[in-house]
Amino acid sequence: MTAEHAAGLTPIMAFALVGAIGVGSQWIAWRLRMPAIVLMLVAGLLIGPVFGIFNPERDIGVLLAPMISIAVAIILFEGGLTLNVRSLRDVAQGVSRLVFIGAPLGWLFSTLALRYGAGMTWESSAVFGGIMIVTGPTVIAPLLRTARLSRRPAALLQWEAIVNDPLGALAAVLAFEVVLVLRTATTVGHAVWELVLGVVVALLLGIAGALIVAWGFRKGRVPEYMKVPVLFSLLLAVFAVSDTILHESGLLAVTVMGIGIANADLASYAELRRFKEHATILLVSGVFILLAAAIEFDTLTALNWRAVLFVFAVVMLVRPLTVVLSLLGSGVPWREQLLVALTGPRGVVLVAVAGLFGERLAELGVPDGADIAPLAFVLVAFTVVIHGFTLAPFARFLGLSGASVPGVLLIGGSRWTRGLAEALKKVEVPVLIADPNHNNLRAARSEGIPTYSGDILSESAEHWLELVSYDVVVAATENDAYNTLVATDLGPEFGRDNVYQIARQKMESARHALSNSLTGREFGPEETHDGLEQLMREGWTFRVTRLTEEYSLEEWREKRPHAKVVARVGPQGTTEFIREDDDIRAAPGVRIISMLPPGEEKGTDPGAGHEIARQAAKNNGGKGSGRPTGKSGSMAGVKALGVKAWGPKPGTKSTGGKKPKGEPPRAA
């Protein structure tokens, strides 16, 4: 160990520690269902100023600043990759107002809050006020993932955060240039020329980078295995060149480049974005740990009561006033305006850029320039904690989040999925049946089951369905290849542990068999689509049973030896589809959904919470049509049990394939 690292960690140990604690904090937050940003902030403070285990300046040295700059650039680029203009369909006016009106208003109000709230000089207030336009894409993305916001307010917050981030940095550059002119011999014309040149070059470099990537990938000039390395190299080159011409303009260049690639309709776009998301998760956690560990308590304790007044003014006055004035008359519903107005977390970019300009102002002789960095950290810490814990419940209070109970998305409008949907509805689990064939959804709509007529993998489904309300996907169409495609495509979005697929048709020839690595998780009855439909035609029914300590799964199996267990519903409404041999522990509120053969559905379970039954009609020749024959006979038995049968109501005529009167629209 060298002398310079004798009292601390080696750079390798420092990197390993940051990675382990950053990723570990996110994993613990996932397990505890709490905001990851808060844990990362606390972890950084603990290993840094509290226990003194890690000091970034001591253990990493001169690499710290460029590492943070490159990490922020990659984070902003990945954010730009998520901004497809088609997602602006119903929020375009709101986003444009938050950018073109909100950014200048935010700069003005933040400057006033700094001058009269924090008591800073006009010079520091103007520079720091420009930086405060930034609302923190490094924080918004994890918060949106945790809070499960509805599509439109989530789009407003995401677009504003990513687009305003480079604008905030450029506003700080503009204010700093003014201070530079006033305090040095630099002329106004030179400062303006430098600023304009830097912005123009950044825009051109960003556009050129996006065009080069689109051309090279679309024309096959780059092999598949080199696409990500080429993208990274070009990203760093664009950032470095732009930042050399005008400091902080590189953020604008990489953001423009990301937006350009996102709207280029590249075949490899999904894979590129997925990889960048993984890289961003690592970078966000690492940068937060680094910045929190670099804070010194002496600088924080030097702040007085005016710092508290400043933070309160920003959260309760500056942010709400900026958003309300920007969205006035925009047509954005008042609930969404209120949510956006009271959601303004700051993140890594604010702290990094504020620290840089604070040092530069101090070098120019501005007396309170050194106070900008600790003030920025206090603002970030407060907004991260307050929004981390309040955004999700506040969104639920306003009705702007996904369902409080995670729902189930069923792909395929068959008898079996309709029966399962009814069972899930009985236990108050949100459910949606999607099928490209409109006719397959007719019976489900007549039963009041929410449906979507269209391809669940289409862009329309992504933009018009509130997919955040669903945590589990079950691919159950008659097409095994399509089920596999759904499981493969939605696996990264929902998590592969939450994507299930009914059993596939066994192929005798290996050349027709699909790889097991492509499919969703197996569950329940080992039946193919045709097998499940046959069971439903034979009169099998769905049933919901509540397990208790007195009524265990073993006792239930003894009474229902032929039953097929399908799913387990937890006390909080979480649904897990299970295999026949899975162990299910009884606990308060635990229910199982099962399929029962004809005859067993007439029994009574001591722990049954609900009953659902579908009885096949007693048909004319024994070839089950699935319809009841009338009000007597089997239908009378169904009514006596208080269950529901599929098919037209007794006494009605068949529609002959025509749309019945009063049938809901295709997407309900």
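Results, tabulated for the structure shown:
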read-out: All positions within the stretch 121-151 that are under 21 Å from Thr280 (Cβ atoms), of a type in the set (S, T, N, Q) and open to solvent by 10 Å² or more (accessible area, probe 1.4 Å); value: Thr146
read-out: Check on Val222, outside any helix (DSSP H, G or I), open to solvent by less than 60 Å² (accessible area, probe 1.4 Å) and modelled with pLDDT of 80 or more; value: yes
read-out: Residue in the stretch 344-357 that is in contact (Cβ under 8 Å) with a residue 12 or more places away in the chain, over 18 Å from Ala294 (Cα atoms), open to solvent by 50 Å² or more (accessible area, probe 1.4 Å) and not hydrophobic (A, V, I, L, M, F, W, C) present; value: no
read-out: Test: Val544 is closer than 26 Å to Ala503 by Cα and crowded, with 21+ Cβ neighbours inside 10 Å; value: yes
read-out: Single match in Gln26, Gln93 (criterion: polar (S, T, N, Q), modelled with pLDDT of 80 or more, under 28 Å from Pro153 (Cβ atoms) and surrounded by 16 or more Cβ atoms within 10 Å (Cβ to Cβ)); value: Gln26
read-out: Which numbered condition Pro320 fails, given (1) open to solvent by less than 50 Å² (accessible area, probe 1.4 Å); (2) over 20 Å from Gly102 (Cα atoms); (3) of a type outside the set (A, V, I, L, M); value: (2)
read-out: Residue list for the stretch 103-159, restricted to those being aromatic (Phe, Trp, Tyr) and touching a Gly at 6+ places or on another chain (Cβ under 7 Å); value: Trp107
read-out: Tally, over the stretch 372-422, of residues that are polar (S, T, N, Q), in contact with a helix residue (DSSP H, G or I) (Cβ under 8 Å, 6 or more places away or on another chain), open to solvent by 20 Å² or more (accessible area, probe 1.4 Å) and under 30 Å from Gly130 (Cα atoms); value: 0
read-out: Any hit, the stretch 209-220, residues being among the aromatic types (Phe, Trp, Tyr) and within 25 Å of Val353 (Cα to Cα); value: no
read-out: Scan of the stretch 455-492 for residues that are open to solvent by 10 Å² or more (accessible area, probe 1.4 Å), over 23 Å from the mean Cα position of the chain (by Cα) and not hydroxyl-bearing (Ser, Thr, Tyr), ordered by number; value: Glu478, Asn479, Asp480, Ala481
read-out: Number of positions in the stretch 289-304 that are within 14 Å of Ala376 (Cβ to Cβ), part of a helix (DSSP H, G or I) and open to solvent by 10 Å² or more (accessible area, probe 1.4 Å); value: 4
read-out: Residue check for Gly365: in a helix (DSSP H, G or I), small (Gly, Ala, Ser) and open to solvent by 10 Å² or more (accessible area, probe 1.4 Å); value: no
read-out: Inter-residue pairs, beta-carbon under 6 Å, first at pLDDT 80 or above and in the stretch 125-149, second of a type in the set (Ser, Thr, Tyr), 6+ apart; value: Ser125/Thr111; Ala126/Thr111; Gly129/Ser110; Gly129/Thr111; Met132/Ser110; Leu149/Ser401
read-out: Considering residues of the stretch 96-137 that are within 22 Å of Val332 (Cβ to Cβ) and of a type in the set (Phe, Trp, Tyr) only, the residue nearest to the chain's Cα centre (by Cα); value: Phe100
read-out: Checking Arg115 against (1) out of contact with any Ser or Thr (no Cβ under 7 Å at 6 or more places or on another chain); (2) over 23 Å from Gly260 (Cα atoms), the condition it does not meet; value: (1)
read-out: Qualifying position, being of a type in the set (Lys, Arg) and within 19 Å of the chain's Cα centre (by Cα), among Arg396, Arg360; value: Arg396
read-out: The stretch 297-330, residues that are aliphatic (A, V, I, L, M), touching a residue at least 60 places away in the same chain (Cβ under 8 Å) and out of contact with any Phe, Trp or Tyr (no Cβ under 8 Å at 6 or more places or on another chain); value: Ala302, Leu303, Ala307, Leu309, Ala313, Val314, Val323, Leu325, Leu327
read-out: Test: residue in the stretch 398-408 that is in a helix (DSSP H, G or I) and under 30 Å from Val308 (Cβ atoms); value: yes
read-out: Only listed residue being closer than 30 Å to Ile261 by Cα and more than 24 Å from the chain's Cα centre (by Cα), chosen from Val192, Val196; value: Val196
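The values are calculated or read from the model by the stated rules, or taken from the named source; none is laboratory data. Not measured: the values here are computed from a predicted model. With ideal geometry, Cβ positions are generated from the backbone for all residues, glycine too; neighbour counts draw on all protein chains shown. Each accessible area value is taken on the protein alone, full model and side chains, heavy atoms only, with ligands, DNA and RNA left out. Shrake-Rupley method; radii C 1.70, N 1.55, O 1.52, S 1.80 Å.
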